[in-house]
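The values are calculated or read from the model by the stated rules, or taken from the named source; none is laboratory data. Everything quoted here is computed from the prediction, not taken from an experiment. Here the Cβ positions follow ideal geometry from the backbone for every residue, glycine too, while neighbour counts run over all protein chains shown. Remember, those area values only see protein heavy atoms, side chains included, never the ligands or the DNA or RNA. Shrake-Rupley method; radii C 1.70, N 1.55, O 1.52, S 1.80 Å.
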Amino acid sequence: MSKYDKKRLAWLFDNMTDTKSTIGEQVADSGETIPQIAGRVAFEQLKLTGEDVLLDVGTGTGDKAIAAAHICRQVIGIDISKKSLEQARIRAELENLNNVIFAYGAFEEPCVELELALYGITKILAVYSLHHLPDQLKKESLFTLSNLLHRPGRIVIGDIMFFEEPNKHIEKFNEVYYDGGDTDFPSRVEYLTECLKQAGGTTRVEQIHPLVGVIIADFV
Ligand SMILES: C[S@@+](CC[C@H](N)C(=O)[O-])C[C@H]1O[C@@H](n2cnc3c(N)ncnc32)[C@H](O)[C@@H]1O
């Protein structure tokens, strides 16, 4: 069992040829993997419009940020993996998108390169990224992010999360790409919803799998 180590994580993702949400065995009739379903459902739950400014935290190579840039006014993707950010920028350039920015930033320190409070962020997305942080850091990060969100605003998290005792589902760890505690530190669903409630949100949960769900938090 390892501890949260941001530098090691950044190194691992810098040296990964693909992210978890785009690899792996297909489990659904639709041919999607569980992380892909979590990403799709989370993205749908953003209910994006042309007025929105989206912040995608742990954007990776920018899949969701780029899809969102075709809908939203402005999109900002932040990540701790500089190599992933470079790939995301190249992809945005290939699609001639000039309303998406990719910058270095972490959940716990989102504004390293950009003064995010100036962007009028209305929606925040985190797909398969928040589970890398331990509980207390998740709580602090969700508070920080909720303070960057304009009202009315929405935070959507699609991720590994525990609906019941995880060891009851050990045989399903691979299916959801949970490494059992090396770099992944998923929380109980109740913990995440409580953090969002304490930050001022009203929450709703969609369970996708015994170990994966989507949390939608509205801030008015
Ligand atoms: C599995 S990938 C998911 C990428 C993307 N959200 C997607 O759905 O394709 C997880 C991403 O979270 C990023 N990440 C891990 N810890 C982070 C942190 N503390 N702050 C910001 N990003 C982080 C990793 O660098 C990686 O790009």
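Legend: residue pairs LYS6/LYS139; LYS6/LYS47; LYS6/LYS197; LYS6/LYS83, Cα-Cα distance threshold 19 Å; pairs beyond threshold, LYS6/LYS47; LYS6/LYS197.
About its Cα centre, how strong a charge dipole does the chain have in debye, to the nearest 20, once Lys and Arg get +1 and Asp and Glu get -1 at the Cβ?
So the magnitude is around 440 debye.
Mean sequence separation of contacting Cα pairs (under 8 Å, at least six apart), scaled by the length of region 6-219, corresponds to a relative contact order of 20 percent. Amide H contacts of ARG188 (H built 1.01 Å from N, in plane; Pro and chain starts excluded): PHE162 sit under 5 Å, all sequence-distant by 5 or more or on other chains. Per-atom-type breakdown for region 6-219 gives carbon and sulfur 50% of the accessible area (1.4 Å probe, protein chains only).
Where Lys and Arg each count +1 and Asp and Glu each count -1, what net charge lies around ASP218 among other residues with Cβ under 10 Å from its Cβ? Local net charge: +3.
Largest first, the residues TYR119, TYR177 sort by 1.4 Å accessible area into TYR119, TYR177. Remark on ILE124: its backbone amide H falls under 5 Å from those of LEU55, ARG154, ILE155, VAL156, a criterion applied only to residues 5 or more positions apart or on other chains, H modelled at 1.01 Å from N.
Our summary of shape: the Cα atoms of region 6-219 have principal axis extents of 45, 37, 35 Å, ordered from largest down, in whole angstrom.
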